[in-house]
Amino acid sequence: MKAKLAIVLAVLSVILPLQPTFAADSKPQAVEQVKLAQSMQKISAQAQALQKQMQGMQSQLQELRNQEQTLQQENAQLRAQNKQLVSANVNLAQTQTTNAIAKANQPAQKPAIGRNQTTKQPGVKAATPKPRAQRQVPQTTIHSQQPPLQFAQANAQSGNISSAKAMPVSYSRHSTDTQRKSVHQPQKATGAPAAVHRGHGQGGGNDSHTHTTDATLVSTTAGTTPVETQEQNSQKLLHSVSVAGTYVYTSPYFGVRSQFNGSNLIVNTSSVNKDLNLLQMRQQVQAARKAAGIKQPTHPIIALSGEVEGQAIYNRTYAGDNDSDIDFTDGEIDLAALINPWITAFLTFSYDDTPLPAATAGSGRRINNSEVELDQGFFSIGNLDKLPMYFSMGQLYVPFGQYSSYMVSDELPKLLGRTKSRAVVLGYQQPGNAGVYSSLFAARGDTRTSTNEVINEWGANLGYVYDYKKWNANISASFLNNLADSDGMQDNGVDSNMQFSGFDRSSSTERINHYVPAVDVQSTLGYGPYSLLTEYVGATRHFDSRNLSFDNHGAQPQAFHIEGVYTFNILGRPASLAAGYDQSWQALGLNLPRRRYIGTLNYSFWRDTIASLEFRHDINYNSGTSANGNVRTSPSTPLSPAGHVNNVLTAQFDVYF
C-alpha cells in the first residue's frame with residue numbers, strides 16, 4: 001500500500017512541475033483559435049454579404065430580364081404598328097397615284113379614243129395609200145381580274161422590272177384612230193365609182209376619255225427596312241430600271257396597267273392632235289410620279305405601242321358581184337420619246353397593204369404590197385404643267401376636224417376632210433379638266449395656183465370641253481384654207497389615167513385655178529354610257545369646174561355623220577353598240593356614197609384586244625349624175641355611179657400593246 005502511495009507521489013512530483021509548461025504552450029494556441037474564430041466570423045460575414053450581393057444582383061438580373069421582355073413586346077408592337085403604317089403609306093400612295101392619274105386623265109380637250117378602219121373590197125386595186133378609219137373604244141372600264149401589278153412585290157426579288165399594260169383608255173374607244181393608211185375603195189376600170197372606202201389608220205379628233213388604272217406606280221421594295229420612306233423605295237425601284245441609261249416601257253406609261261380594251265395605249269389615241277394628246281399623257285405621268293414621290297428622271301424615257309389587225313369581209317358590190325376576203329389589214333409601231341420636261345418626239349411606222357397599181361411589176365401578187373413606211377413623225381416643245389401653250393413641227397395630221405367614231409369603216413367627213421401635212425402647229429390648252437383648246441397651223445400644201453412652191457396652207461381650230469358628273473361634251477369648229485390638200489382630195493382610190501383619181505397624180509394635176517376653203521363643225525355629247533357624235537365637213541365655195549365638177553358645174557363637196565353609241569359589259573368585259581348615218585353632197589368625184597347606214601358591235605374577249613362585227617349599207621348617187629376633175633391624160637372620162645347599193649359585212653380583230 002505504502003509502495004503504491006510512493007509511486008503515486010513520485011508520478012505527481014514529475015507531473016506537477018510540468019503543468020506550467022503545458023499552460024504556457026496552450027495559451028498561444030488559444031489565442032490563435034480566437035483569432036481563427038474571429039477570421040471565420042469575418043469570412044462568414046463577408047460570405048453573407050456576398051450572398052446578399054448575389055441575391056441583389058440576381059434580383060437586378062431578373063428585373064433586367066423582365067425589362068428585356070417588356071422591351072421585346074413593345075418592339076414587336078412597334079414593328080406591327082410600323083408594318084401597318086408602311087402598308088397604310090403604300091395604300092395611300094396607291095390611292096393618291098390613282099386619283100392623280102384619274103384627275104390628270106381628264107384633259108381639257110377630250111381626245112377621241114378609238115380607231116376606225118374601213119373594210120376593203122377584195123380584188124380591186126387602189127392607186128396609192130390613204131389614211132384609214134378611226135374607231136372608238138368602249139368607255140366601260142374593266143380592270144384586270146388579277147391583283148394589281150406592284151413592281152416591288154412582283155419583280156424586286158426576281159430582279160425583273162418591267163412595265164405593265166392594261167388598256168381600255170378608260171380611254172374610251174371613242175374614236176381613237178391610229179395612223180394607218182387609208183385607201184378609198186377603187187372603182188373598177190369602167191370608171192364608175194365604187195363609193196366603197198377602206199382604211200388603215202387612225203381617225204382624228206380629241207374625244208373624251210376617262211382614265212382608270214389597274215395598278216399604281218410603286219410599292220415597298222423587297223429588302224427595304226421599315227425606316228425607309230416611300231420616296232426612297234420608289235427611287236430605288238426607279239434607279240433599278242434606269243441605271244443603264246435611257247429606259248423603254250410599253251404605254252400607257254411606267255408602272256400603270258392599260259385599260260382592258262387597250263383604249264389608253266398610244267396606238268389608240270387620236271391621230272389628229274396627236275401632239276396635244278402626248279403632252280397630256282406627260283401630265284398624267286408627272287402627276288403619277290408626284291403622287292408616288294418619284295422625282296423626275298434624268299434620262300429620256302421611250303414609250304412603245306402598236307397594233308396588229310386582221311379582217312374577214314363579204315361584199316355585195318354596186319355591180320352585183322359577191323366578193324369575200326381574209327386579209328392582214330394593219331400593223332403599226334408607235335414610239336414616243338420623252339426627252340426632257342419640255343421636249344417630246346413621236347414616230348409611227350405602219351404597214352400598208354394597199355394594192356399596187358395595175359401597171360406595177362408584181363402587182364398580181366398582193367403580198368408584194370407589204371410596205372412599212374413613216375406615217376407620222378414630229379417633235380413638240382411644251383410642258384402643260386408650266387405653260388398652257390405648245391409648239392409642234394413635223395409630218396402630222398393638222399388639227400382640222402375630229403372624226404370620232406366607234407365604227408370599223410371610216411365616216412364620210414373623215415374621208416373628205418382629214419389632212420396630213422409637213423406643218424408647224426401652235427396650240428393652247430386651258431389648264432384643268434375642262435375648258436378651251438385651240439391651235440393654228442401652217443404648211444406648204446401640195447396643190448397650188450401657180451408654179452411657185454410657197455407656204456400656202458393654213459388653218460385654225462377652236463373647241464371647248466365640258467365635264468360635270470355623268471355629263472361630258474366636246475364641241476369644236478375648224479377652218480382649212482384649201483380643202484384640195486385633204487387626203488381624200490389627193491387620192492380618191494380610182495386607178496385610172498383617164499378619170500379623176502385625185503389631185504396627186506402629177507405636178508400638173510396639182511394645179512388648181514383657186515383655193516377652196518372648208519369648215520368643220522363637230523360635237524361629242526355623253527351621258528353615262530350613252531354618246532351622240534355628230535360632224536360636218538364642207539367646202540365654203542365651189543371648185544372651178546375644170547378642177548373638180550359635179551353634173552358639169554363646179555363641185556362644192558360636203559359630208560355629214562351622226563352616230564349613237566351605248567357602252568356596256570358582256571360577261572364582265574367592255575362592249576359597245578353603235579349605229580350611224582352618213583350623207584354626202586356633190587362628192588361623186590371623190591368616190592363617196594351619197595348615203596350610208598352602218599352598225600357595229602365591239603367586244604373585248606381578252607385584255608388589249610377588240611373584236612368587231614359591222615354591217616354597212618351604202619347607197620350611191622343617182623344614175624345620170626357625173627363628176628370629173630384634173631386628169632393626167634386628155635380627153636378625160638367622167639365618173640358615173642357604178643350601181644345603186646353596196647353591202648359589206650366585216651369581222652375584225654385588233655390586238656394592241
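The values are calculated or read from the model by the stated rules, or taken from the named source; none is laboratory data. None of the values given here were measured: they were computed from a predicted structure. Neighbour counts run over all protein chains shown; Cβ positions are idealised from the backbone, glycine included. Please note that ligands, DNA and RNA were not included when accessible areas were found on the heavy atoms of the full protein model with its side chains. Shrake-Rupley method; radii C 1.70, N 1.55, O 1.52, S 1.80 Å.
Results, tabulated for the structure shown:
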item	result
Test: residue in the range 6-23 that is out of contact with any Asp or Glu (no Cβ under 6 Å at 6 or more places or on another chain), in a helix (DSSP H, G or I), open to solvent by 80 Å² or more (accessible area, probe 1.4 Å) and modelled with pLDDT of 80 or more	no
Output for the range 370-419, where each listed residue is out of contact with any strand residue (DSSP E or B) (no Cβ under 7 Å at 6 or more places or on another chain) and closer than 25 Å to S612 by Cα	K414
The range 551-566: number of residues that are in contact with a helix residue (DSSP H, G or I) (Cβ under 8 Å, 6 or more places away or on another chain) and either modelled with pLDDT under 95 or among the small types (G, A, S) (or both)	2
From Q84, Q29, residue being out of contact with any helix residue (DSSP H, G or I) (no Cβ under 8 Å at 6 or more places or on another chain), open to solvent by 100 Å² or more (accessible area, probe 1.4 Å) and at pLDDT 70 or above	Q84
Residue in the range 405-434 that is most open to solvent (accessible area, probe 1.4 Å), counting only those that are at pLDDT below 90 and either part of a helix (DSSP H, G or I) or among the small types (G, A, S) (or both)	G432
Single residue of the range 257-272 satisfying the filter (of a type outside the set (D, E, K, R) and open to solvent by 10 Å² or more (accessible area, probe 1.4 Å)) that is nearest to the chain's Cα centre (by Cα)	T269
Among residues of the range 511-555, those that are over 21 Å from Q586 (Cβ atoms) and of a type outside the set (S, T, N, Q), counted	9
Counted residues, the range 452-488 - those being farther than 23 Å from A555 by Cβ, of a type in the set (S, T, Y) and in contact (Cβ under 8 Å) with a residue 40 or more places away in the chain	1
Which numbered condition A473 fails, given (1) touching a Gly at 6+ places or on another chain (Cβ under 9 Å); (2) of a type in the set (A, V, I, L, M); (3) outside any strand (DSSP E or B)	(3)
Tally, over the range 435-482, of residues that are in contact with a Lys or Arg (Cβ under 8 Å, 6 or more places away or on another chain), open to solvent by 60 Å² or more (accessible area, probe 1.4 Å) and hydrophobic (A, V, I, L, M, F, W, C)	2
Hits in the range 284-332 - residues which are part of a loop (DSSP other than H, G, I, E, B), open to solvent by 10 Å² or more (accessible area, probe 1.4 Å) and of a type outside the set (A, V, I, L, M)	G293, K295, Q296, P297, T298, H299, P300, Y318, G320, D321
Any chance W458 is of a type outside the set (V, I, T) and touching a Gly at 6+ places or on another chain (Cβ under 8 Å)	no
Residue check, R632 more than 18 Å from T509 (Cβ to Cβ), out of contact with any Cys (no Cβ under 8 Å at 6 or more places or on another chain) and among the basic types (K, R)	no
Any hit, the range 42-57, residues being at pLDDT below 65 and either open to solvent by 80 Å² or more (accessible area, probe 1.4 Å) or on the phi > 0 side of the Ramachandran plot (or both)	no
Hits in the range 260-286 - residues which are touching a Leu at 6+ places or on another chain (Cβ under 8 Å), aliphatic (A, V, I, L, M) and modelled with pLDDT of 85 or more	I266, L279
Near pairs, Cβ below 7 angstrom, 6+ apart or cross-chain, from the range 578-589 (within 12 Å of L412 (Cβ to Cβ)) to any residue that is among the charged types (D, E, K, R) and open to solvent by 60 Å² or more (accessible area, probe 1.4 Å)	D582/R595; Q583/R594; Q583/R595; S584/R594
Extreme residue, least open to solvent (accessible area, probe 1.4 Å), among residues of the range 360-378 that are among the hydroxyl-bearing types (S, T, Y) and at pLDDT below 80	S363
Selection from the range 379-395 of residues that are open to solvent by 10 Å² or more (accessible area, probe 1.4 Å), modelled with pLDDT of 95 or more and in contact with a helix residue (DSSP H, G or I) (Cβ under 7 Å, 6 or more places away or on another chain)	none
